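The values are calculated or read from the model by the stated rules, or taken from the named source; none is laboratory data. Values in this document were obtained by computation on a predicted structure and should not be read as measured data. Every residue, glycine among them, receives a Cβ derived from its backbone with ideal geometry; neighbour counts consider all protein chains shown. Surface areas here come from the heavy atoms of the whole protein model, side chains and all, with no ligands, DNA or RNA. Shrake-Rupley method; radii C 1.70, N 1.55, O 1.52, S 1.80 Å.
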Amino acid sequence: MFESLQDGLGSALKSLRGQGKLSEANMRDGLKLIERSLLEADVSYEVTRTFMSRITEQAVGEAVLKSLKPSEQVVGIVYKELVDLMGPVDHSLHLKGKDEVTVLMMCGLQGSGKTTTCGKLGRMLISRDRKPLLVAADLQRPAAIDQLHVLGEQIGAPVFSDRTTQDPVAVCNNAVKEAKKLGADTVILDTAGRLHIDDELMGQLGRIDKRCSPDQVYLVVDGMTGQDAVNSAKAFNDALELDGVIMTKLDGDTRGGAAISVKEVTGVPLKYMGVGEHLENLEEFHPDRMAGRILGQGDMLSLFEKA
Amino acid sequence: MGFFDRLKQGLKKTGSLLKTDVRDLFKSEGRLIDEAFLEEIRAILFKTDMGYDAVEALVGEIAVKMRGRVVHIEELVDVLKVKLKELMAQPESPIEFAPSGPTAVMVCGVNGAGKTTSIAKLANLFKSQGKSVLLGAGDTFRAAAVEQLTIWSDRLGAPIVTGSPKAHPASVAYRAVEQALDQEIDVCVVDTAGRLQTQTDLMAELTKIRASMAKQIEGAPHEVLLVLDATTGQNGVSQASKFAEAAGCTGIVLAKLDGTAKGGVVVAIRQQFGLPVKYVGLGEGIDDLEPFVPDAFVDALFADVLSDPVTATN
Ligand SMILES: Nc1nc2c(ncn2[C@@H]2O[C@H](COP(=O)(O)OP(=O)(O)OP(=O)(O)O)[C@@H](O)[C@H]2O)c(=O)[nH]1
Ligand SMILES: Nc1nc2c(ncn2[C@@H]2O[C@H](COP(=O)(O)OP(=O)(O)OP(=O)(O)O)[C@@H](O)[C@H]2O)c(=O)[nH]1
Ligand SMILES: [Mg+2]
Ligand SMILES: [Mg+2]
């Protein structure tokens, strides 16, 4: 796929050589290929369409650069637009001073990687000299509490859990209240996975949000998500006002186009990405790398700096 | 409730985007099939995740059959459905049980797809059919994966075979099938750790787990189910291809179809690999599993398109 886009574009735009300017007509086949590439990367259909018309508008009339093949030039324009779409970057967790308690809350669909990400963030915080407290607020999934305890042990962070209650709002609330006593300065709430159309469970998230007023609410999104990413991300953002998105499972061969969809519908920054099951597999999100991945290209940036 | 009703119920919870989209296209007197219309249909199909080639094939079909004509929505949807039903058609019985002795089932898939939960649901289904079931906790890697399956085994009243921590999953699978043989259990279902299909070592491990089951019973595992998350986009195609190669998958369980995702990637998978969908997951509960009915699935894909799909299709 990676090479095929470049090859296809190359031949589609071969006719361009010797022509001075990019025009809608001479770019048509190339644009079609780019559109296909975006759709195959799971970028939402609507986003793809608006994006493509913007690109066409932008590219038409541009002089063909001497140093680049026209195909590369068009890909370059697309690449730059994608980077802009997924930016700006903001990796900050907006932590308060250590004498206060910062509350981070994870939410998302079932199996997206919330619990693992709690462990990863906890580990990162410890390496930055913070004292995290993991909170087991998933009282639904069998052994969810045990899972968080295992992760807490692995990173050497305390885990707050209460097996006697069925009320995650109370668990979160108590954890935040106890945090100081437990020597923690950052609380990470691991909530149960839920469907965005489940009114009852979405309401429960809203109650946790209201009761504990987390400083940051992060949506954890599976990097392999398809077209439905827009629907779920929008619903979570409507219910909670997200502060960031963490995209997981990007260690595989998914093209990860959902990143664009999610950014487009929520407008909140993509902060981190999960690149493995191990707790050190958390990286800052980089729009440029992601754009290259979505386009199925290597690092286009270097190409562009040359131009 | 039947498969279709449950599916429809799941889809109905949202303010159905497809319904308004397509309804708006069709005023009561029908609509001219022109380029603009084809574009709108393309959008609708894409949102099911069925993938570029399938969408183009369907839109092409409509173009050939209807371009330049004024049609009614039922006619259009019928053309699409007939084509898709043709593609999705598959044999009736989801599971081939071994003619004698235990039937061994291996379950695999990417991380968090719904494997362990689907195993619990399958075990429950087999039990309701009067079969005895044994579970094998072949995920020895993920935090509390064994505990998770153990809780399900308690709830089901089904025995479970677990390994010592850090045991090789193949040895757990081996012992699970062994115990199923010893205790004359009807079905032995083995869980495996989630893995991405690009992790070659972990994919090779699946081949080993498979082989260890075959050492106990010739021809085992009788079924190898790939659990696919219905929200998965085009990566599902890569999953199907690589898991089928490493583990010899016999079918798909499409989990989490109770969300708003349509799971349309199975259309692309079916088209390219012929791998049948055997069950769908429709919730987190033990009863939330149904055998896959291709026609009903196709109807449900378009359920929001028509105001009353049942009467429209009958
Ligand atoms: N390969 C890979 N696997 C991941 C990543 N993040 C999480 N996982 C795995 O994905 C699976 C699900 O992760 P969990 O953290 O349990 O997901 P969750 O969102 O808490 O799930 P629920 O609580 O059931 O909704 C586990 O097998 C994790 O090990 C990642 O970045 N890469
Ligand atoms: N809504 C819904 N949730 C489901 C369904 N099947 C599983 N889940 C949920 O998805 C999450 C992950 O399910 P698991 O069964 O743990 O997935 P897994 O594939 O075993 O995960 P790993 O072992 O970590 O790779 C859990 O929260 C389940 O409750 C389904 O059909 N519908
Ligand atoms: Mg969890
Ligand atoms: Mg599991």
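Based on this model, can you work out whether A:Leu125 counts as in contact with a strand residue (DSSP E or B) (Cβ under 7 Å, 6 or more places away or on another chain) and more than 16 Å from ligand 3 (Cβ to nearest atom)? If you could, list the steps in order and put the result at the bottom.
Numbers: in contact with a strand residue (DSSP E or B) (Cβ under 7 Å, 6 or more places away or on another chain): yes; more than 16 Å from ligand 3 (Cβ to nearest atom): yes.
So A:Leu125 passes the test.
Looking only at the range A:40-86, count every residue that is in a helix (DSSP H, G or I) and among the basic types (Lys, Arg) and tell me the total. Looking only at that region, the number is 3. For B:Val133, state whether it is within 13 Å of the chain's Cα centre (by Cα), open to solvent by less than 20 Å² (accessible area, probe 1.4 Å) and at negative phi. So B:Val133 fails the test.
Residues in the range A:96-152 that are farther than 23 Å from A:Ala170 by Cα and either open to solvent by 40 Å² or more (accessible area, probe 1.4 Å) or β-branched (Val, Ile, Thr) (or both): 8 in all.
When you go through (1) more than 16 Å from ligand 1 (Cβ to nearest atom); (2) of a type in the set (A, V, I, L, M, F, W, C); (3) more than 13 Å from B:Val133 (Cα to Cα) one by one for B:Val177, which number turns out not to apply? B:Val177 satisfies every listed condition except (3). Looking only at residues that are out of contact with any helix residue (DSSP H, G or I) (no Cβ under 6 Å at 6 or more places or on another chain) and within 11 Å of ligand 2 (Cβ to nearest atom) in the range B:225-253, which one is nearest to A:Gly111 (Cα to Cα)? Out of the qualifying residues, it is B:Asp229. Taken over the range A:96-154, residues that are assigned to a helix (DSSP H, G or I), within 14 Å of ligand 1 (Cβ to nearest atom) and within 14 Å of another protein chain (Cβ to nearest Cβ) amount to 19. Does the range A:204-227 contain at least one residue that is within 16 Å of ligand 3 (Cβ to nearest atom) and without any contact (Cβ under 8 Å) to a residue 60 or more places away in the chain? For the range A:204-227, residues within 16 Å of ligand 3 (Cβ to nearest atom) and without any contact (Cβ under 8 Å) to a residue 60 or more places away in the chain: present. Residues of the range A:42-83 being open to solvent by 10 Å² or more (accessible area, probe 1.4 Å), without any contact (Cβ under 8 Å) to a residue 40 or more places away in the chain and away from chain B (no Cβ under 14 Å), which ones? A:Arg54, A:Thr56, A:Glu57, A:Gln58, A:Val60, A:Lys66, A:Ile77, A:Glu81, listed by residue number. Taken together, the residues in the range A:176-203 that are within 16 Å of ligand 3 (Cβ to nearest atom) and away from chain B (no Cβ under 14 Å) amount to 3. Those strands (runs of 3 or more DSSP E) of the range A:242-286 that lie entirely within it include none in which at least 3 residues are within 12 Å of chain B (Cβ to nearest Cβ).
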